[in-house]
1. Please find, among ARG308, ARG267, ARG240, the residue that is within 12 Å of the ligand (Cβ to nearest atom) and in contact (Cβ under 8 Å) with a residue 12 or more places away in the chain.
2. Scan segment 215-232 and give yes if some residue there is within 15 Å of the ligand (Cβ to nearest atom), in contact (Cβ under 8 Å) with a residue 24 or more places away in the chain and not in a loop (DSSP other than H, G, I, E, B), otherwise no.
3. Go over the candidates THR62, THR2 one by one and state the one that is at pLDDT below 95, among the β-branched types (Val, Ile, Thr) and either crowded, with 18+ Cβ neighbours inside 10 Å or more than 22 Å from TRP375 (Cα to Cα) (or both).
4. I want to confirm something. Restricting to segment 339-379 and keeping residues that are part of a helix (DSSP H, G or I) and without any contact (Cβ under 8 Å) to a residue 12 or more places away in the chain, which single residue is farthest from LEU312 (Cα to Cα)?
5. Among the candidates LEU322, LEU312, LEU296, which residue alone is of a type in the set (A, V, I, L, M), in contact with a Lys or Arg (Cβ under 9 Å, 6 or more places away or on another chain) and surrounded by 16 or more Cβ atoms within 10 Å (Cβ to Cβ)?
6. Could you list all residues from segment 242-266 that are surrounded by fewer than 19 Cβ atoms within 10 Å (Cβ to Cβ) and over 25 Å from SER59 (Cα atoms)?
7. Please go through segment 308-325 and give me each residue that is of a type in the set (A, V, I, L, M), within 13 Å of ALA123 (Cβ to Cβ) and touching a strand residue (DSSP E or B) at 6+ places or on another chain (Cβ under 8 Å), ordered by number.
8. Against the definition (touching a residue at least 40 places away in the same chain (Cβ under 8 Å) and within 15 Å of the ligand (Cβ to nearest atom)), how does LEU78 come out, yes or no?
Amino acid sequence: MTAITIDSIRLHRVAMPLVEPLRTSFGLEAVRPVVLAEMRAGERVGWGECVAGEGPGYSYETIGTAQHILTHYLIPKLVGQTVSSAAEARRLMAGVRGHPNAKAALEGAIWDLLAQARGVALADLLWERYPLTKPRRDRVLVGVSIGIQPTIDATLAIIEKRLAEGYGRIKLKIQPGWDVELAAAVRSAYPDICLMLDANSAYTLDDADHLAKLDRFNLLMLEQPLGHDDIYEHSKLQPRLQTPICLDESIHHANDVRLALELKACRIINLKPPRVGGLDEACAVHKVCYDEGVPLWIGGMLETGIGRAQNLAIASLPGVTLPSDLSATNRYYAPDITEPPFVLNREDSTIAVPSGVGIGVEVQQDRIATFAGRWNDYFPAWM
Ligand code: NPG
C-alpha cells in the first residue's frame, strides 16, 4: 500500500465573493469565508477545503470554530504521521468529537495526496474504497440551486436563464410563505421540468397538511422540510406526503441513513462529504445507498474548485443516481482558485469528472494570495 508522511499543513483563509449571492431560509450568502488546507508530503502538495459557514445557520460549526479546532486539535494530530489510507487519518482525528467540516478539510487533502502517490484520479481511489460492481462515470448529472428571490417573476426569469444555459434540474429554496404559490407558478410556466424544493428545515410537523399541497406539482423531491437534526418527525411526515422526502442536514454518517430507511423517514439521500466528516464516511454513505438501491445525489456548499473537484469525484460513483448540486464555475466565482474551470455540457446537463491525478485541478497560489488579502475587508478579526 502506498503511504504518505505528512510534513506540514498550512491553512489559508480566503474571502470568495459569489457571482450570485444565495438566499436560503437561514440567511443570505454573498461572500463566502473559506479555509483551505495545504498539506505537504515530500514533494507533493494536497488540498482540502473547509465549507463551514460564517455563522452557525446551516450547521453548528462556523469558519471560526473550524479554524480553532483545526489549528489547536486536528493539525497537531496529523503532522509527522505516516498514513496509507484516509481511514487511518480518521482514527488519528477520532479523539476530537464532532466538527465534521474541519475534519473533512484535512481528509480531503489526504485523499488528494494518496491519489497522487498512487498516480490515479481521486474518483478512481474513491471507487476502490468499497467493493462496487458497476463502473464509475466520466461525467456526472448536475442541476442548479436557485435561492429565495424577491418575487415569483424574478424566480421565473432565473429559471428561464438556467434552462437556456442547459441545466436539466431546477432546485428552488422555499420557506413558509414562499412555497405553494411559488411551486404553482413555476409548474404552470414549466409543466415538464425536473423540479425539486429545498426547505432547509424551515417547517414543523404542524405544517404537514400545508406541505401536502405540494404533492400536486410532481416534484422530484422535497428536501429537509423539518428539524435539522431530526429523523423521527420526518418518519411521521413522509407517509402523509406523496412527494419523496430527501434528508440532507439530518444525515451525519452511514448509520443515520440506515436509521432513516428503517423508519421510512425519507426516500432519497443528499450526501455532502463535509457534513459527514469527509470523503471516507461519504463512501460509506454511498455504499449503503448503492446496496439498498436508494436514490442518492451530492449536495453543494458553494465550494471553490477544490471542494467541487472532490464532489465531482464522489458524484462519479455508480450509486449516485440523481442530479447533484454542482454547477459550472462561472455560476460561483470569477475567477475561482483552480484551473481549468468546470463547464456545463449543455446537451445532457453534465459536468466532466477531472481525469488528472489527485483532485485533477491546478490550484492557483497567486489567486489564493489575492483572496486572502480581502479577508479583513469582509470579516471581523475574531473570525
Ligand atoms: O450549488 O453549491 C451549490 C449550492 C447548493 O443550495 C445549495 N446549497 O442548503 O444545500 C444547501 C445549500 C447551502 C449552501 C447550504 C451553502 C449551506 C451553505
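The values are calculated or read from the model by the stated rules, or taken from the named source; none is laboratory data. What you are looking at is a predicted structure, and each value in this text was computed from that prediction instead of being measured. Glycine also receives a Cβ, built like all others from the backbone with ideal geometry; neighbour counts cover every protein chain displayed.
1. Within the list ARG308, ARG267, ARG240, the selection yields ARG308.
2. yes
3. Criteria check complete, one pass: THR2.
4. Only one residue tops the list, namely ASN376.
5. Numbers: LEU312 fails: in contact with a Lys or Arg (Cβ under 9 Å, 6 or more places away or on another chain); LEU296 fails: in contact with a Lys or Arg (Cβ under 9 Å, 6 or more places away or on another chain).
When all the criteria are applied, what remains is LEU322.
6. Across segment 242-266, the qualifying residue is only GLN242.
7. Of everything in segment 308-325, those that are of a type in the set (A, V, I, L, M), within 13 Å of ALA123 (Cβ to Cβ) and touching a strand residue (DSSP E or B) at 6+ places or on another chain (Cβ under 8 Å) turn out to be ALA309, LEU312, ALA313, ILE314, ALA315, VAL320.
8. no
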